[in-house]
Every structure is written in structure tokens, then in C-alpha cells.
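S.K.: Have a look at this one before I ask anything.
No lab work stands behind these numbers, since they all come straight from the coordinates. What you see is a predicted model; the values in this text were computed from it and never measured. With ideal geometry, Cβ positions are generated from the backbone for all residues, glycine too; neighbour counts draw on all protein chains shown.
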Amino acid sequence: MIRTEFLCKSFGKLDVLKDISTEIKKGEVVAIIGPSGGGKSTFLRCLNLLEFPTRGRVYIDNIDITTGKIDIKKVRQNMGMVFQHFNLFPHKTALENVTYGPIKVKKTPKVEADQLGKDLLSKVGLAEKAEAYPSRLSGGQKQRVAIARALAMQPEIMLFDEPTSALDPEMVKEVLDVIKGLARSGMTMAIVTHEMGFAREVANRILFLEGGRLAEDAPPDIFFTKPNSERACQFLEKVL
Amino acid sequence: MVLDFVNCFNSFFLAQILGQAIGQTGLVLDFGKIVPNIPFILQGIGITLAFTLVSALIGFAWGTILSIFKISNIRPLKWFADFYTSIFRGTPLILQLAIIYFSTPQLIGYAIPPFQAGVITFSLNSAAYSSETIRGGILAVDKGQREAAMTLGVAYPLMMWDIILPQAFKNILPALVNESIALLKDSSLVSTVGALDLMRRGQIVASEKFIYFEPLIFVGLIYYLMVMSLTWVAQGFERRMRRSD
């Protein structure tokens, strides 16, 4: 479903990603972990071209999206993204945040979009917060609204960029539970995370990025018990 | 010799003017003298306000467009907007007004009425200033907002209109009010091309009655009250906006 070939990204002289070639299959849940500055977020952001790769290719459903000929807006509509800092629209209510994409981009009639929005908000446990502005919501609630907003476009792929890193500890679980539910429903997902227990539980595969390289690509059982690389061993010693 | 004459003339003239007000016993103001002219002066309020409002709105709209040019990746648009701003900020407003009112008819063969010449000048000038403010406001919006809109597949113009600009305007509202206040006061410059605004009416009364302090102070008071009301309205606005945070 998503395939990268020799993906490289440099910011000036800094090489953040070096020749990443990998694939995420339909229905797979991939957790991307590794030390800070290892290129995890940049890799994720290259998948929907929020960062344009310096070299290399990104294929979505076997279509190269880096040629410049593809309407990237169409590609992005099919890839929901959830950010570390939620990025909800502060001047819109929770429901308006969720229905904005369907109404303005997909031209869904408002009544229909409102129904979809309410369904999604109750799915993330926030039906009663539909009319609340983001400033009135807790971090965990904001992130769940953000997930609902991404789902409202009915994407086939969901990208999560450290969805729980900006949350107070007691709110992490409510967000992870929503993501777990999505994983069970068969959604294709790529999740950058520092929650090792969560990665082990929901991911089918772990990508370990270190120093801009894909140092390890393994199922969680293998990665967490007997990782191949020295760096992965050191990393796991520190975080587990 | 000539200089002596000029000096002599000047002091005579000054004494004439001051003599009216100061007399023998110092400054004596008699507003009773201008009472019959007050309705005439007050009619200028409408003209000054209409002038300010129209110029502010056009200037704001054009300033928004210029600010989008300034942040765009299209080089010629950026150059144009920067050059435009430098011209209107780099020359006196009264000169711009004079060029548009007195000089352009020479070029286009059509005499622009004073009010319209004023609105054109002040809109163009105000746009140059507010485009900088609006540009700052746009850049101050968290870039995550833009990314969130992009990942939903929202097109650039729609993203600007629905997501970025509303947040930018909210942030710069106080600065925009300042711009309107400046515009309200600067509008008195149209008196130089003969538009019958508040300032001009004050001057007319002054020269008719040959008293200066009373009509000009009266006009000054009206300007002051208008600026104060504008400030209060803005403060009320801001308070209401804060409540939604």
C-alpha cells in the first residue's frame, strides 16, 4: 500500500533520512520507534509529502507520488494524519473540526456530514463535546477529536506522529485505546511512538530508525526480545 | 531690506491673529460666537466617518491581498507587493493625495472629485501599512494549522480563507484598530483638496468669522471623541474575543 525506495531527506547539510526502503501493506500496523532525532517524524511526514523527499520515491498503491505530476491533495485525502500537538482549528467547535474536511473538500451535504461527525465523535467517546471549542477540551479529548477529524475523510491509511507525547500521563490511555480500536478494525496505520508497551501490543511490525537509517525492521516479538542491531539493544535497555 | 519687510509683515500678521484671541487680558474663548455654525460643522462628522470607513475597508481588503502576495512563492508578486509598500510608506501621504487629486486628471483627462480622490489615496496608502501587519499575523499562526488543513486535502485559497486568515485577523485586531484610528485622523488631510470634512468645515467657519481657536478646538474635540469611541468599541471587541479562548 505504501512503499518507499531509497528515501532520503536532507535539511541543508543535515541528512535526516538515508536510503529508507520499506513497505507498509494493507491492514498492517507499523510502529516507528527510535531515539530522538533519528528521523522518525520526518519519515512519516515524507509519506504524505508534508516534507518533500530530497531523493528517492514514495509509492502509494503503486503510484509514485514524488513525480510532481500527482495531485497531492487527492493523495492526502486518503491518508489521515494525527499530530503530536493536535492542531485542531481553534475557531471551530469539535464537530466543525470533524466535519470541515467532508463539507469543504468532499462536498458532503452538511446534514450528512454532521451525522458522520457525530457518529465519529461518539466513536471516540466525545459525543457530548460536539459543540465545545478546542480550548475547552483536555489534551486527551483534543487528540481524540483530531483522530475523529482525520477519520472523517474516510482514509485508507492513518499516520500518527507521536500522538501521546504532548499528553499528561493520565490521558495517554484514552487516546491509545482509540488507536487500538482502529487497529482492530483493520485500518492501515503508521505510528511514530515512544510508548513501547503499546507498540508491542498493537503493531505487526516495528521499524527502528536511528541516525536516519532503518536499523531494524522486525515483528514486535523478535524486536523486543532479540534485536539484531547493537543500537537497538542499547535503545531497548534504556527505555524498557 | 526685503527681509526686514517680511519680518515686519509677519509680526504684524501674528499680532493680528493673536490679538483676536488674547486681547488685553490673555486668552478668552467665546464659543457662543460659533453656535450658529455648529450644525454646519457637525455635518462633517458623517463625511469624515464615511471617508474613514470606506478607505479602511478597501485598504484592508487590498492589504490582505498584498500580504498574500508577500508570503507567496511567486517572485514577481512578492516583488510587486514589496515595491508597492516601499513607495507608499516612503512618501508623504499629503503628496500622494496631491498627485492623485491634482496630477492624475492631467493624465486621464477626468477630474476626480475630492472625496473619491481621498478614498483612493487613503485606501492605497492604508493597504501598504496593513499588508505588513496582516503578513505578520499570518506568519504568527502556528504552522501546524496549515499542516492540518493540508493533510485534509484542503486547497490553498480555501485554507487561507477558512483557517489561516480568521486566526491571523484575531491576533492583529488591536493593530488594525490603530490603523483605523490613524486613518480617521489622517482623513483631515482631504481638507487640503476641498472635501467638506470636519477639518475643512472648521477652517471655513474660522475664516468666515475670523476667529480661530473656537472652531478649531471644537473640531479637535469631535475628533478626540470619535477616536475614543473607536477605542472603546475595539476594547469591547477584544474582550469578547478573549472569552472564546
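S.K.: Can you work out the base-10 log of I(q)/I(0) for chain B at q = 0.07, 0.09, 0.11 1/Å, using the Debye formula on its C-alpha atoms alone?
M.R.: With one equal scatterer per Cα and no solvent, log10 I(q)/I(0) is -0.36, -0.55, -0.76.
S.K.: Give me A:C233, A:C46, A:C8 sorted ascending by neighbouring Cβ count inside 10 Å, so fewest comes first. Don't skip to the answer; put the middle values down first.
M.R.: Details: A:C233 12, A:C46 24, A:C8 16.
Ascending Cβ contact count within 10 Å gives the list A:C233, A:C8, A:C46.
S.K.: Could you give me the ³J(HN,Hα) list for the stretch A:98-109, computed from phi with Karplus coefficients 6.51, -1.76, 1.60 and θ = phi - 60°, whole Hz, x at Gly and Pro?
M.R.: 6, 8, 4, x, x, 5, 7, 9, 8, 6, 5, x
S.K.: Scanning chain B for helices, which whole DSSP H stretches are 18 Å or more long along the axis (Cα) and average 0.0 or more by Kyte-Doolittle?
M.R.: Working: long enough: B:2-22 (29 Å, 1.30); B:38-71 (49 Å, 1.78); B:75-90 (22 Å, -0.23); B:114-140 (39 Å, 0.53); B:165-186 (28 Å, 0.50); B:213-243 (45 Å, 0.54).
The qualifying helices are B:2-22, B:38-71, B:114-140, B:165-186, B:213-243.
S.K.: Under 29 Å Cα to Cα from B:K33, which lysines show up? Leave out anything in the same chain fewer than 8 places away.
M.R.: B:K185, B:K209
S.K.: Shifting gears a bit: What value, in deg cm²/dmol to 500, does the helix sum -39500 (n - 2.57) over DSSP H runs of n ≥ 4 give at 222 nm once divided by the residues of the protein assembly as shown? Provide the component values of the computation, followed by the final result.
M.R.: Numbers: 20 runs with 278 residues, N = 485.
It lands at -18500 deg cm²/dmol.
S.K.: Once you have the Kirkwood Rh of the stretch A:172-240 from its Cα pairs, apply Stokes-Einstein at 10 °C and 1.306 mPa s and quote D in µm²/s. Don't skip to the end; give the middle numbers.
M.R.: Details: Rh = 12.8 Å.
Result for D is 124 µm²/s.
S.K.: Next question, about the same structure. If N is the number of residues in the stretch B:116-245, what value comes out of its Cα radius of gyration divided by 2.2 N^0.38 Å?
M.R.: Values: Rg = 20.2 Å, N = 130, 2.2 N^0.38 = 14.0 Å.
After normalising by residue count via 2.2 N^0.38 Å, the value is 1.45.
S.K.: Using Stokes-Einstein with the Kirkwood hydrodynamic radius over Cα pairs, what translational diffusion coefficient do you get for the protein assembly as shown at 25 °C and a viscosity of 0.890 mPa s, in µm²/s rounded to a whole number?
M.R.: Values: Rh = 27.4 Å.
Reported coefficient: 90 µm²/s.
S.K.: Shifting gears a bit: Lysines near B:K70 by alpha-carbon distance under 21 Å, same-chain residues fewer than 8 away left out - which ones?
M.R.: Within the straight-line limit of under 21 Å, B:K70 reaches these lysines: B:K78, B:K143, B:K170.
S.K.: Also, I was wondering about something else. Taking the stretch A:121-214, which GluC sites (Glu not before Pro) meet the DSSP loop condition and have no more than 12 other C-beta atoms within 10 Å? Intermediate values should be presented prior to the final figure.
M.R.: On the way: sites: A:E128, A:E131, A:E156, A:E170, A:E174, A:E195, A:E201, A:E210; in loops: A:E131, A:E156, A:E195.
Here the sparse-neighbourhood loop sites are A:E131.
S.K.: Would you mind getting the Kirkwood hydrodynamic radius of the stretch A:88-154 from its Cα pairs, rounded to one decimal in Å? Before the final figure, lay out the partial values.
M.R.: Details: mean 1/r = 0.0889 Å⁻¹.
This gives a value of 11.2 Å.
S.K.: Still on this structure, please answer the following. Counting other Cβ atoms within 10 Å, which GluC sites (Glu not before Pro) in the stretch B:157-245 have at most 12 and lie in a DSSP loop?
M.R.: Working: sites: B:E179, B:E208, B:E238; in loops: none.
Hits after loop and neighbour filter: nothing returned.
S.K.: Okay, next question. Give the average, rounded to an integer, of partner chain Cβ atoms located within 10 angstrom of each Cβ in A:69-76. Don't jump to the answer; show the numbers that get you there.
M.R.: Numbers: counts 0, 0, 1, 2, 7, 1, 1, 5.
Partner-chain Cβ atoms within 10 Å, mean over residues of A:69-76: 2.
S.K.: What does the net charge come to around A:G211 if you take all other residues with beta carbon closer than 10 Å to its beta carbon, with K and R at +1 and D and E at -1? Don't jump to the answer; show the numbers that get you there.
M.R.: Working: positive: A:K18, A:R213, A:R231; negative: A:D15, A:E210.
Net charge in that neighbourhood comes out at +1.
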